[in-house]
Amino acid sequence: MGLLDRAGARLTSHPEEAEILVVNTCSFIDTAKQESVDTILEMARHKTSGSARKLIVAGCLVERYRDEIRKSIPEVDAVVGTGELEAILQAAGLAAPPAALSPFNILTGGQAAQTRTVGQGFSPGIQSVEESRALAPEARSSASSSLATRPGQESQAGTHKHASEKQNPMKDTGFSPYINPAQSAGALAPEATSRAEGDLREQQGRFRRDEWQGATHLLPTYLYDETTPRFLTTPKSSAYIKIAEGCDHPCSFCVIPNLRGKFRSRRFESVVAEAHQLVARGVREITLIGQDTTCYGEDLGLKDGLATLLDALAQIPNLRWLRFLYAYPNRITGKLLDTIARHDNICKYLDLPLQHASPDVLKRMKRGAGAGIFLKTLEKVRAAVPGIALRTSFIVGFPGETAQDSVLLEDFIKAAKFDWLGVFTYSDEEGSGAFSLDAKLPKRTIESRKRRLMKLQQSISKRAKQQWVGRELTLLAEGESEETPLLWEARTQFHAPEIDGKVYINDFGDLEALEAGRFYKAQITEAHDYDVVARVLSGPL
Ligand code: SF4
């Protein structure tokens, strides 16, 4: 979106007005693929009934089914994979910047320009396009993001710096996060190289796509940086920063490494510079993301990379809330926890996807550990950061999961008492290690196990939220509730954007009105299963 915006396109969220439609897709599990296809078909209708003349499909579905998308959905004019973002300009009929000014100057090799497809045909895992076409439009979800553009208006072509011209924000601080003094402040940091673990997995075939029909063999290698144009779609006070791309872990249910490539970190200085830029634009809450944030910096020679990065970011004036998502369980170090505990503006919040608690299932998932080890980790986390909110997610119905495994998981959830918990049903993905496993479970068994877990968590959450009543907390006001204008929605530091429960404000106290994106002191007055209700005491803070 940043590239399109800078090239002169005017962005609109109303597809019926647009000349060019872009659907950004996901393809890591069946439901995501289906949702992506449904959204493409929904947008395709605007080519016959609206002003749209081009339909572009971008993102992970393209990495998986590059050829097949165009063959099965002829309304699609161009596809743009996750490693060739600049191709969006050409696809939209806009001029690309000269190669020397590419914002993706960390991209290595010529992968973006070369594609080689293998095989043909849509995977059986995805509902047929014809079936999807037959669905009424209102039955389709439109949650896959779609973007519409009107090209050729008010060119804002700016300049951006090539690597050699970039500023190093750490240069004058005398601070270097790198272990090797040669990689010190004053010189630009090294670019990402692969981790030994990633190289080993590559040799073992972890990232191979040969069996994927209609995909390209070449993995994405790009990383954006602080000079890459961004167009924020989040509320003005909040933004995500992606600190790394790809993943080297061997989880047998997961095809994200095949879609996103090997793990690679953004330069430390680049992340810090981007955070400064966002705060200067009015952002007050930053959420760090990546497929595995806790590996951050290992490929750059950083020791305790994530903790060191958090330390640097926490010192940015006016940054009120800082958090990271997607921690890998065996990488929660004492240093990381100390860093969370030490800074007031690092949210007391940890997202730790555990996937299961049965050692047998975890072993077959190629993740290891089990309930006993996880409980010790949680104990360590809670002791180091009192009051921390814990989020996790589980997969139910992994091949061979027994009724006993399921009971073990329930007992673990009872003991662990997570603040927030998500449950995914196993999705059998071609190209994943688990795809070839026997003992696949019937859908109804998987769904019933999911229902049991969600019911259990509902009762745990209800009891926990009742303990919130009477507490005085700082809230970030987000705006009027979508359900009724009588309520406002807000979050505490214990709620990550978009994924956790909500705080509803039904009483503004002495204030005439609230302002979205501002912080307020409030008292919790009521608790529901996942959400709470609050009354404002003072603010904005
Ligand atoms: S760590 Fe996450 S992204 Fe990486 S392979 Fe495992 S589940 Fe997939």
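The values are calculated or read from the model by the stated rules, or taken from the named source; none is laboratory data. None of these values were measured; they are calculated from a predicted model. We place every Cβ from the backbone using ideal geometry, glycine too, and count neighbours over all the protein chains shown. Quick note on the areas: whole protein, heavy atoms, side chains included, nothing else; ligands and nucleic acids left out. Shrake-Rupley method; radii C 1.70, N 1.55, O 1.52, S 1.80 Å.
Taking H placed 1.01 Å from N in the peptide plane, check which residues at least 5 places from Leu421 or on another chain put their amide H under 5 Å from its amide H.
It is Thr392, by chain and number.
Rg to Rh for segment 262-356: what is it, with Cα atoms only and Rh by Kirkwood?
0.94
For the residue pair Arg53 and Leu437, what label-to-label distance in nm results when each label sits 7 Å from Cα along the Cα-to-beta-carbon direction?
5.2 nm
Longer than 24 Å from Cα to Cα, which of Lys348/Lys462; Lys262/Lys380; Lys380/Lys417; Lys417/Lys440; Lys363/Lys455 are they? Say none if no pair is.
Checking Cα-Cα distances, Lys262/Lys380; Lys417/Lys440; Lys363/Lys455 exceed 24 Å.
Which value in nm describes the separation of the simple spin-label points at Glu379 and Val407, placed 7 Å from the Cα toward the beta carbon?
With each label point 7 Å from Cα toward Cβ, the separation is 2.4 nm.
Is the shape of segment 337-436 best called rounded, prolate or oblate, per the rule: a/c under 1.5 gives rounded, else a/b larger than b/c gives prolate, else oblate, with a ≥ b ≥ c the square roots of the Cα gyration tensor eigenvalues?
It comes out prolate by the Cα gyration axes.
How high is the FRET efficiency between Arg451 and Glu483 when r is their beta carbon distance and R₀ equals 30 Å, given to the nearest 0.05?
Here the calculated transfer efficiency is 0.75.
State the percent of C-alpha pairs, over all pairs in segment 404-488, separated by a distance greater than 23 angstrom.
Value for segment 404-488: 49 percent of Cα pairs lie more than 23 Å apart.
Which semi-axis lengths, in whole Å and largest first, follow from the square roots of five times the eigenvalues of the Cα gyration tensor of segment 423-541?
Over the Cα atoms of segment 423-541, the ellipsoid semi-axes are 39, 16, 11 Å.
Can you give me the % of accessible surface on segment 262-416 that is carbon or sulfur? Probe 1.4 Å, all protein chains present, nothing else counted.
Using a 1.4 Å probe with all protein chains present, segment 262-416 comes out at 52 percent carbon and sulfur.
In terms of modelled amide H atoms, which long-range or inter-chain residues lie less than 5 Å from the amide H of Ala58?
Under 5 Å from the amide H of Ala58: Val23, Asn24, Thr25, Val80.
For the ranges 61-70, 232-241, 76-85, what's the packing order if you count other beta-carbon atoms within 10 Å of each residue, average per peptide, and put the highest first?
61-70, 76-85, 232-241
Rounded to the nearest angstrom and ordered from largest down, what semi-axes does the equivalent ellipsoid of segment 199-243 get from its C-alpha gyration tensor (root of 5λ)?
In descending order the semi-axes read 33, 14, 11 Å.
Starting from the Cα-Cα distance between Ala95 and Glu498, subtract it from 0.36 nm times their residue separation and give me the gain in nm to one decimal.
Going from the current span to full extension adds 141.6 nm.
Which Rg and Dmax, in Å, describe the Cα atoms of segment 246-287?
In Å, with Rg to one decimal and Dmax whole: 14.9, 42.
Mind computing the radius of gyration and Dmax over the alpha-carbon atoms of segment 445-506? Å is fine for both.
Radius of gyration, then largest Cα-Cα span, for segment 445-506: 14.4, 43 Å.
When Rg is the radius of gyration of the Cα atoms in segment 1-60 and Rh is its Kirkwood radius, what does Rg/Rh come to?
In segment 1-60, Rg relative to Rh is 1.00.
Looking at segment 484-541 only, what percent of DSSP beta bridges run antiparallel? Nearest 5 please.
Percent antiparallel among DSSP bridges in segment 484-541 is about 70.
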